[in-house]
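The values are calculated or read from the model by the stated rules, or taken from the named source; none is laboratory data. This structure is a prediction, so every number in the text was calculated from the model and none was measured. Positions of Cβ are backbone-derived with ideal geometry, glycine not excepted, and every protein chain shown enters the neighbour counts.
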Amino acid sequence: MPAFSLEPEQTAWCAELRTLAAQRLRPLAEKGEPGHVNRALVAELGRLGLLRRVFASGALDLCLMRESLAYACTEAETALALQGLGAHPVHAHGTEAQRTRWLPAVTDGTAIAAFALSEPGAGSDAGALGLAAEREEDRRGSEGDDAAVAEADGHGRWRLTGDKCWISNAPEADFYTVFARTTPGAGARGVTAFLVPADRPGLTGSPLQMLSPHPIGALRFDAVPVTGDDVLGEVDRGFAVAMGTLNLFRPSVGAFAVGMARAALDATVAHTARRGAFGGTLSDLQAVSHQVAEMALRTEAARLLVYAAASAYDENAPDVPGRAAMAKLLATETAQFVVDTAVQLHGARALQRGHLLEHLYREVRAPRIYEGASEVQRSIIAKELYARQEATE
């Protein structure tokens with residue numbers, strides 16, 4: 001399917017999602033408490049079948065959902081995305097027991113998921129993770145009975161010690177996809193993904209006061225016990241779990257940004273068309289109309305790149321990392337420009353608490369940082385280009 005064209009059914013579905021977001025999700029979002037998980041909102045996403053669709057559909061469908069929800073209710077969009085991000089490793093790499101235990105609760109909105117990758121000293125450089133997963137046999141000695149049992153039944157036992165930071169949905173999530181270092185000094189090759197329920201002994205968390213309506217917190221692991229039954233994928237192969245998840249979700253972060261940009265653009269077109277100024281309307285002023293045209297141009301370019309990256313993921317194309325990085329980079333930087341320009345053209349009214357653009361102005365900044373900052377995306381793009389060049393020599 002051409003990246004620039006949606007089928008009529010997809011277009012109709014996007015319109016339906018925008019209506020649902022405005023009529024059923026936004027009222028629940030407005031009742032939520034900033035900085036806390038809005039469980040009523042997540043449950044409604046489950047009742048509408050949207051959370052189930054996150055795992056049943058491809059990357060393009062995920063992008064269409066996130067863009068459409070973001071246009072009318074950014075809180076609903078973020079709640080959906082965080083459920084997907086936190087639970088996708090379980091869906092893609094979990095055992096049958098892990099999937100059976102957690103995925104039904106995630107998709108009906110009764111269990112809150114979180115993706116715990118970043119650390120105080122390892123954000124953009126995910127290969128530098130320091131959260132230590134120390135084997136029980138290393139802690140107790142090779143002659144320990146528990147170590148012998150672990151070797152006999154094929155299940156390792158570890159203790160997680162260290163910190164995670166900037167974790168969305170922490171500390172209120174019901175379980176965390178946690179990335180920890182199982183082999184010291186091995187860089188990205190020594191990281192393992194674990195599914196860690198929030199009630200494990202030794203796991204504590206604290207909220208962080210952030211420029212965000214959803215909860216973001218820090219986690220402390222004090223010898224938290226995990227076993228082979230908690231591993232997602234393979235031991236020491238967790239970095240691939242993380243990157244595979246991010247390759248899927250990075251284009252959809254771009255879709256979130258496109259949704260915000262489109263909302264800001266539509267509000268600006270309506271405002272400048274009716275706002276009187278200098279004997280006419282703001283839209284009569286070339287300085288204004290050209291800015292609006294630039295907003296539309298960049299938004300459409302970002303939308304097309306997001307759809308192209310999502311389509312590449314769905315087709316299992318070889319250049320997904322580079323395309324995903326391009327989509328996230330262009331879309332998030334574009335949304336920042338579009339929302340900022342919209343605020344400028346609206347004037348002081350856009351800075352009033354509760355105004356759509358005041359809300360979007362706060363929301364639009366973080367996506368340029370999370371799931372790989374803009375600088376990281378540029379590095380990924382450059383790495384892909386030079387790798388391609390080397391392959392041709």
| Unmet criterion (only one of (1) out of contact with any Pro (no Cβ under 8 Å at 6 or more places or on another chain); (2) assigned to a helix (DSSP H, G or I); (3) closer than 22 Å to A116 by Cβ) for N247 | (1)
| task | Filter region 10-53 down to residues that are surrounded by fewer than 18 Cβ atoms within 10 Å (Cβ to Cβ) and either among the polar types (S, T, N, Q) or in the same structural domain as P213 (by TED's automatic domain parsing) (or both), then give me how many there are. | result | 4
| note | Checked region 81-92 for anything crowded, with 24+ Cβ neighbours inside 10 Å and touching a Lys or Arg at 6+ places or on another chain (Cβ under 7 Å); matches are A81
| message | Restricting to region 26-42, name every residue that is more than 19 Å from the chain's Cα centre (by Cα) and assigned to a helix (DSSP H, G or I). | response | R26, P27, L28, E30, K31, A40
| query | Which one of these is closer than 15 Å to V258 by Cα and surrounded by fewer than 24 Cβ atoms within 10 Å (Cβ to Cβ): E390, E358, E375, E363? | reply | E363
| task | Collect the residues in region 262-303 that are crowded, with 16+ Cβ neighbours inside 10 Å and touching a Phe, Trp or Tyr at 6+ places or on another chain (Cβ under 8 Å), keeping them in residue-number order. | result | R262, A263, M295, R298
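Per-residue answers, yes or no, for (1) assigned by TED's automatic domain parsing to the domain that holds R26; (2) closer than 19 Å to G372 by Cα; (3) under 15 Å from the mean Cα position of the chain (by Cα); (4) not aromatic (F, W, Y):
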residue: T95; (1), (2), (3), (4): yes, no, no, yes
residue: T100; (1), (2), (3), (4): yes, no, no, yes
residue: S118; (1), (2), (3), (4): no, yes, yes, yes
residue: A122; (1), (2), (3), (4): no, yes, no, yes
| request: Examine region 71-82 for a residue that is in contact with a Phe, Trp or Tyr (Cβ under 7 Å, 6 or more places away or on another chain) and among the acidic types (D, E), and state whether such a residue exists. | output: yes
| query | Among the residues of region 204-214, is any over 30 Å from H359 (Cα atoms) and either surrounded by fewer than 23 Cβ atoms within 10 Å (Cβ to Cβ) or among the acidic types (D, E) (or both)? | reply | yes
| request: Could you pull out every one of the helices (runs of 4 or more DSSP H) wholly within region 294-393 that has 2 or more residues that are within 24 Å of E75 (Cα to Cα)? | output: 320-346, 356-363
| Filtered residue count, region 190-201, keeping only those that are in contact (Cβ under 8 Å) with a residue 24 or more places away in the chain and exposed (fewer than 14 other Cβ atoms within 10 Å of the Cβ) | 1
